[in-house]
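Quick one: structure below, then a few questions.
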Amino acid sequence: MSETAFPSDQTYQPDVVEAKWRERWAERHTNEPDLDRAERPFYNLMMFPYPSAEGLHVGNMFAFTGSDVYGRFKRLQGYQVFEPIGYDAFGIHSENFAIKVGTHPARLIPRNIENFRRQLVRIGGMFDWRHELATTDPAYYKWTQWLFLQLYKARKAYKKFGAVNWCPECKTVLANEQVVGGFCERHPETKVEQRALEQWFFRISDYAGRLLADLDDPAKMDWSDTTATAQRNWIGRSEGAEIEFGLDHNRSIRVFTTRPDTIYGATFMVLAPEHPLVADITTAGQREAVQAYRTAAAAKDLVSRKVGDRAKTGVFTGAFARNPATGRTIPVWIADYVLMEYGTGAIMAVPAHDERDFEFATLYRLPVSPVIDADGRLAESGEFSGRTIDEGKRAITQWLEARGAGKSVVQYRLYDWCISRQRYWGPPIPIIYCDKCGTVPVPESDLPVLLPEIEDFRPDDSGVSPLARHEEWYYVPCPECGARARRETDVSDTFLDSAWYYLRYPSSEFADRPFDAERTRRWCPVATYIGGNEHAVLHLLYSRFIAMVLHELGHVHFDEPFARFRAHGLIVKDGAKMSKSRGNVVVPDEYIARWGADTFRTYLMFLGPFQEGGDFRDEGISGPRRFLDKIWAMVTECVRQDMCGGEIRHDVVVKWHQTMKRTHEALEELRYNSAIAACMELVNVLRDASCCDRLIVEDLVVMVAPFAPHFAEECWERLGHTTSVFDELWPEWEERLTVDDDVEVAVQVNGKTRSKVVVGRGSGEAEVVAAVGRDATSQRFLDGRDVRKVIYVPNRLVNFVVG
Ligand SMILES: [Zn+2]
Ligand SMILES: [Zn+2]
């Protein structure tokens, strides 16, 4: 090997090493796989960050490092790994922050992105910077708009009036999950209202069955259980029956129920206050009360209406419907615990077997008729009495079906995706309204519809996007007839930006297509996606839906975008959730400045199992640093002695092979803490044996490389290599050498057995004597005595003849 250019006493200086390798990686294009020719492509994706003003927080660092470790591990298995990064920079978070600090988002966001990029470079991710992207770049959102047009043309996008949650403070529509106990998640003081707005929706609910079925198809999806379960619950499949309750004049009320077996106990009906039949069926005497109730209900937010334990209220419409099973007429009420968005907006109330209905019946003195007996069998149910609940469901549904009064249906809880936002900071929805031609999509050749840089981007109370106030942008010639027409002023949901970003990364240099067919075929679907479970339902579900649509339209060859998804855990600080108010937020920059990125990365990954998270404690970080220092010293010593393949103690050999195996298995399962612990054990055994054999030291450097990449590169170079350590392969272990092949050797003093020591099978006399030297019991008998002779019977006993 070459003469070493490093003084052997040089200590490990992370800042010097890391700066050097950041530069080298960029110069040598170390992290840039050949996207057109890679033969073993591996797409390693992490959830791109929203570039906040605070910069990357430690949670981002934890997630990105864990994903990067996996990507580097795959590379060390011989894959060409593509690991891109970008910025999810549109959306209400960015806009609200811009409003708060009084800076235009178009000026604020680039500054934040610059800061993020600096931090991302600093942590040493294996990012391919050629393919960095920001969703706010017109070169990107041009294709987000193109995507909208594909859905529009395929009739998967439509506009409808609907009741929405409205935050008077945000001045925009909120998703249900943004409403917390009736208040806005961003404005805990502000009560959320209900408004009716005409908005754009995507027909994700048409895909509910497929979205659900694929979750159970291991050939398509290998996902964290927690994530798959969250999606299943969100899609919310239920089997039941749709039943018609006749009114007069050939009209009827249709209900969905999962309990058709209880129909004999349906003693009244309840409609949502917004149900279209309400005005029609309300009798003159009840009109005033019904109208007042509907007005009051309209002011409530949708989420608090769903809360089950809220006191029930309602009003009788004066109308009656006929129960198709009993033939009896039952009263029709309205109540706000029934939602128009759910099912058919009407229910048959079975107070004997439904809590909410029971509460309501008790309050308004409506009849309660039990139809399930104590044994769980149907009672008071005509010919169906005596059947079990399951039999009853089937039989009653069939019976209703035969009489044209019902049918069995599968229903999903999943709503269509509202993509309209009455805000500024997003891609304008590419639609034009013409008085003559109606709704006209912007021609693809006219994309992007640029978001104009306007100074008064703040939303007002009108429910109309600020863009509508800018006539020079708002009015546009109709693409079909040329007459003066108006642009759609809603921008699209941020989740549309992120629903397809993984497709753009490999093709980000193409200006004339959203994603190149050949590139997409080579790199997609994503091999491993790692992210937070807070995105289990929205982002991950929307991305799947968009992939299904693009597949149907012939744009991509797959219909599931993420073959493998793993949810990472969360980290807390000193046992508590990090928050500004607690003052326990870890600012990564400070730690990296003090300890270096490699130590920080290793510490983050050592905190606990990656998929569970861990507790960040300041005192803990010195352990990983000492670990790297020890390896550094070992490398230095290895270079000095340049020992290779000589006599290696048996237990060292076993530990070496065990470590190669254990780290490999642990990394594959994202148990990074176990992999680091295994390497630490090996280091201790090597130090104990004063061993710095080149074969072992080099393997050790490869094994820590995913965690401490700059460090490993530097060690690798010092060991005499001129190529990147990431061009190496994971060391191969020999299975037979991983087995702990230890023997117990009896320790005798003058022929009397006094103790025993455990050594590797076949250990030599010197090793056994050394082991005895470490054994306290033996030392009690040997201390201060003059050893005249040692008799060693391999694998069995050692006898010290003392004077
Ligand atoms: Zn708000
Ligand atoms: Zn026109």
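The values are calculated or read from the model by the stated rules, or taken from the named source; none is laboratory data. Keep in mind that this is a model prediction, so the values were computed, not measured. Glycine gets a Cβ as well: all are built from the backbone with ideal geometry, and neighbour counts include every protein chain shown. In case anyone asks, the SASA skips ligands and DNA or RNA and just uses the protein heavy atoms, side chains included. Shrake-Rupley method; radii C 1.70, N 1.55, O 1.52, S 1.80 Å.
Here is a yes/no grid of residues against (1) of a type outside the set (Val, Ile, Thr); (2) open to solvent by 90 Å² or more (accessible area, probe 1.4 Å):
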| site | (1), (2) |
| --- | --- |
| Arg736 | yes, yes |
| Glu744 | yes, yes |
| Gln748 | yes, no |
| Val759 | no, no |
| Ser763 | yes, no |
| Arg774 | yes, yes |
| Thr777 | no, no |
| Arg780 | yes, yes |
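Considering only the stretch 143-166, I want to know if a residue exists there that is more than 16 Å from ligand 1 (Cβ to nearest atom), closer than 26 Å to Ile99 by Cβ and assigned to a loop (DSSP other than H, G, I, E, B).
no
List every residue pair whose Cβ atoms sit under 9 Å apart, with the two residues 6 or more apart in sequence or on different chains, where the first one lies in the stretch 618-639 and is farther than 20 Å from Asp589 by Cβ and the second, anywhere, is of a type in the set (Phe, Trp, Tyr) and surrounded by fewer than 20 Cβ atoms within 10 Å (Cβ to Cβ).
Between residues of the stretch 618-639 that are farther than 20 Å from Asp589 by Cβ and residues that are of a type in the set (Phe, Trp, Tyr) and surrounded by fewer than 20 Cβ atoms within 10 Å (Cβ to Cβ), the close pairs are Thr636/Phe6; Val639/Phe6.
For the stretch 475-559, list the helices (runs of 4 or more DSSP H) that sit wholly inside it and hold at least 2 residues that are under 16 Å from Phe48 (Cβ atoms) and either modelled with pLDDT of 95 or more or open to solvent by 60 Å² or more (accessible area, probe 1.4 Å) (or both); which are they?
Of the helices (runs of 4 or more DSSP H) lying wholly inside the stretch 475-559, those with at least 2 residues that are under 16 Å from Phe48 (Cβ atoms) and either modelled with pLDDT of 95 or more or open to solvent by 60 Å² or more (accessible area, probe 1.4 Å) (or both) span 494-498, 501-504, 538-552.
Can you go through Cys679, Cys691 and tell me which one is among the hydrophobic types (A, V, I, L, M, F, W, C), within 30 Å of Ala771 (Cα to Cα) and outside any helix (DSSP H, G or I)?
Cys691
If you don't mind, there's one more thing I want to ask. So, in the stretch 172-193, exactly how many residues are more than 8 Å from ligand 1 (Cβ to nearest atom), more than 15 Å from Ala299 (Cβ to Cβ) and of a type in the set (D, E, K, R)?
The total comes to 2.
Here's something else I'd like to know. Can you find a residue in the stretch 448-463 that is under 17 Å from Leu197 (Cα atoms), touching a residue at least 60 places away in the same chain (Cβ under 8 Å), over 30 Å from the mean Cα position of the chain (by Cα) and away from ligand 1 (no atom under 16 Å from the Cβ)?
Checked the stretch 448-463: no residue is under 17 Å from Leu197 (Cα atoms), touching a residue at least 60 places away in the same chain (Cβ under 8 Å), over 30 Å from the mean Cα position of the chain (by Cα) and away from ligand 1 (no atom under 16 Å from the Cβ).
Based on this model, can you work out whether Pro427 counts as closer than 30 Å to Pro525 by Cβ and either within 16 Å of ligand 2 (Cβ to nearest atom) or at pLDDT 95 or above (or both)?
So Pro427 fits the description; yes.
Does the stretch 424-447 hold any residues that are within 30 Å of Arg107 (Cα to Cα) and either within 16 Å of ligand 1 (Cβ to nearest atom) or open to solvent by 50 Å² or more (accessible area, probe 1.4 Å) (or both), and which are they?
Answer for the stretch 424-447, where residues must be within 30 Å of Arg107 (Cα to Cα) and either within 16 Å of ligand 1 (Cβ to nearest atom) or open to solvent by 50 Å² or more (accessible area, probe 1.4 Å) (or both): Tyr424, Trp425, Glu444, Ser445, Asp446.
I'm checking my understanding of the structure. Among residues of the stretch 19-66 that are assigned to a loop (DSSP other than H, G, I, E, B) and of a type in the set (S, T, N, Q), which one is nearest to Asp727 (Cα to Cα)? Give the steps one after another, and end with the answer.
Applying the first criterion (assigned to a loop (DSSP other than H, G, I, E, B)) to the stretch 19-66 yields 29-40, 47-57.
With of a type in the set (S, T, N, Q) added as a condition, the list becomes 30-31, 52.
Details: Thr30: 9, Asn31: 11, Ser52: 35 Å.
Looking at the filtered set, the residue picked out is Thr30.
How many residues are under 33 Å from the mean Cα position of the chain (by Cα) and of a type outside the set (Phe, Trp, Tyr) if we restrict to the stretch 627-657?
1
Working only within the stretch 770-791, note down all residues that are of a type in the set (Phe, Trp, Tyr) and outside any helix (DSSP H, G or I).
The answer is none; no residue qualifies.
Hey, another quick one. How many residues does the stretch 676-692 hold that are closer than 14 Å to Ile631 by Cβ and either surrounded by 19 or more Cβ atoms within 10 Å (Cβ to Cβ) or touching a helix residue (DSSP H, G or I) at 6+ places or on another chain (Cβ under 6 Å) (or both)?
Qualifying residue count for the region: 10.
Same structure, new question: If Gln77 passes every condition in (1) assigned to a loop (DSSP other than H, G, I, E, B); (2) crowded, with 19+ Cβ neighbours inside 10 Å but one, which one does it miss?
(2)
For the stretch 400-423, does any single residue satisfy the condition of being open to solvent by 50 Å² or more (accessible area, probe 1.4 Å), part of a loop (DSSP other than H, G, I, E, B) and touching a Phe, Trp or Tyr at 6+ places or on another chain (Cβ under 8 Å)?
yes
Okay, next question. All but one of (1) modelled with pLDDT under 95; (2) closer than 28 Å to Thr30 by Cα; (3) basic (Lys, Arg) hold for Arg625; which doesn't?
(1)
Right, something else. Between a residue in the stretch 567-578 that is on the phi > 0 side of the Ramachandran plot and any residue that is assigned to a strand (DSSP E or B), which pairs come within a Cβ distance under 6 Å, given they are 6 or more apart or on different chains?
Listed pairs, sorted by first residue: Gly575/Asp615.
Working carefully through the options Trp143, Trp129, find the one that is open to solvent by 50 Å² or more (accessible area, probe 1.4 Å) and touching a residue at least 40 places away in the same chain (Cβ under 8 Å).
Selected residue: Trp129, the only one of Trp143, Trp129 that is open to solvent by 50 Å² or more (accessible area, probe 1.4 Å) and touching a residue at least 40 places away in the same chain (Cβ under 8 Å).
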